[in-house]
1. Per the helix-only calculation at 222 nm, which mean residue ellipticity applies to the chain, given -39500 (n - 2.57) for every DSSP H run of n ≥ 4 and division by its residues, nearest 500 deg cm²/dmol?
2. Hey, got the dipole for the range 2-243? About the Cα centre, +1 on K and R Cβ, -1 on D and E Cβ, debye to the nearest 20?
3. For residue 206, go through the lysines and keep the ones whose alpha-carbon is under 16 Å away, minus same-chain ones fewer than eight residues off.
4. Starting from 0.36 nm per residue, how many nanometres of slack lie between residue 196 and residue 222 once their C-alpha separation is accounted for?
5. Towards the positive end of the charge dipole of the range 1-76, with charges on Cβ (+1 Lys, Arg; -1 Asp, Glu), say which of 39, 51, 75 has the farthest Cα.
6. Under a point-charge model restricted to the Cβ atoms of Lys and Arg (+1) and Asp and Glu (-1), what is the dipole moment magnitude of the range 12-56 relative to its Cα centre, in debye to the nearest 20?
7. As a test of understanding, state the convex hull volume per residue of the range 2-243 from its alpha carbons, in Å³.
8. Of all DSSP beta bridges located in the range 153-247, what percent are antiparallel, nearest 5?
Amino acid sequence: PVQIYANDSEASFDIAKRIATIIKQKQAEGRQAVLGLATGVSPIKVYKELIRLHKEEGLSFKNVVTFNLDEYYPIQPDAEQSYVRFMKEQLFDHVDIDMANVHIPDGTLPENEITAFCLDYEQKINSYGGIDVQILGIGRTGHIGFNEPGSAPNSGTRLVTLNDLTRRDASKDFGSKENVPTKAITMGIGTIFKAREIILMAWSEKKASIIKKAVEGNITSDVPATYLQTSQNATFYIDQGASVELT
Ligand code: F6R
C-alpha cells in the first residue's frame, strides 16, 4: 500500500507514532522492541519526533534493540560521514537507549572478517526474534539499504559495491565523489523482508520518478525497491512531491 501525505512532517509524525506504539506494546509485554533503522535525510524528522516523544511524553527506549541497515566500508565510526556518528547525533545521544543494544555494520573490519561479521549480524537479528519494524529510505537507483540494482531478492547482509549515482548523491557529504567509499556493508533484501513491518519513506519531487518505478513498475532486480510490491508487510509513506508521477 501507498499512503500519501501533504508533507514530510505529517508523514514523519505518523511513522514515529507507529514506532512508539510498537515500543510501548512490547514494554507492556515485558519484551524488547527490535527496530531496523536507516540513515540519510529521509528519517531525520522521524528521529526528531521520537526524541520529542522521549523528552516530552516519557517514551522510554530502555527496552529497544536496534539494527541499522548499512554502513560505508571502510570508514571509522568517528568520521563525519559514518552512520555510527549519524545515529548518535540524530537519535541515540538524545534518548535513554542502552548502547549495548545498538547494532550497526562495522566499517573498520579487515576485509577477511567481513563474511563472518555479516553472518553474525543475521544471527543476532534472529536471536532477538527478528525485526519488528524496519524503516527504509530509497535511493535514486532504487536501492533500499545499499542493495543496488542487481541485488537478489534473497540476498543477506554482505559487502557491496556502491552504484556511481549513489556515490554522486553522497558527494555532498564527502566533499567530492572521489572521497565517497566505493563499498558498503548492507543488510540484504532477504534480511529486510524478514521484518514484520516495513515502512519506506520518500520525500519531495526528487524522489518522484524512482517512486513511480518502485510502486508501479515491473518487479525487477534493476530497481530493488520494486521487490517491496511482493511484500504484504510493506507500506510506502510518501509526501505530495514524491507522489506526482503516480498514475
Ligand atoms: C541509508 C540507506 C539508504 C538511504 C537512501 C536515501 O541507511 O540505507 O538506502 O535510505 O540512499 O537517502 P536519503 O534519505 O538521504 O535520500
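1. Working: 8 runs with 86 residues, N = 247.
The per-residue figure over the chain is -10500 deg cm²/dmol.
2. Working: 26 positive and 31 negative charges, 86 e Å.
With Lys and Arg at +1 and Asp and Glu at -1, about 420 debye.
3. 172
4. On the way: separation 26, 0.36 × 26 = 9.36 nm, distance 2.47 nm.
So the extension gain works out to 6.9 nm.
5. 51
6. Numbers: 9 positive and 4 negative charges, 9 e Å.
For the range 12-56, the charge dipole is close to 40 debye.
7. Numbers: hull volume 28.0 nm³, N = 242.
Once divided by residue count, the hull of the range 2-243 is 116 Å³.
8. Working: 4 of 9 bridges.
Close to 45 percent.
Throughout, read-outs are computed from the coordinates displayed, never taken from laboratory work. The structure displayed is predicted, hence computed values, not measured ones. When we count neighbours, we look across all protein chains shown, and the Cβ atoms used for this are built from the backbone with ideal geometry, even at glycine.
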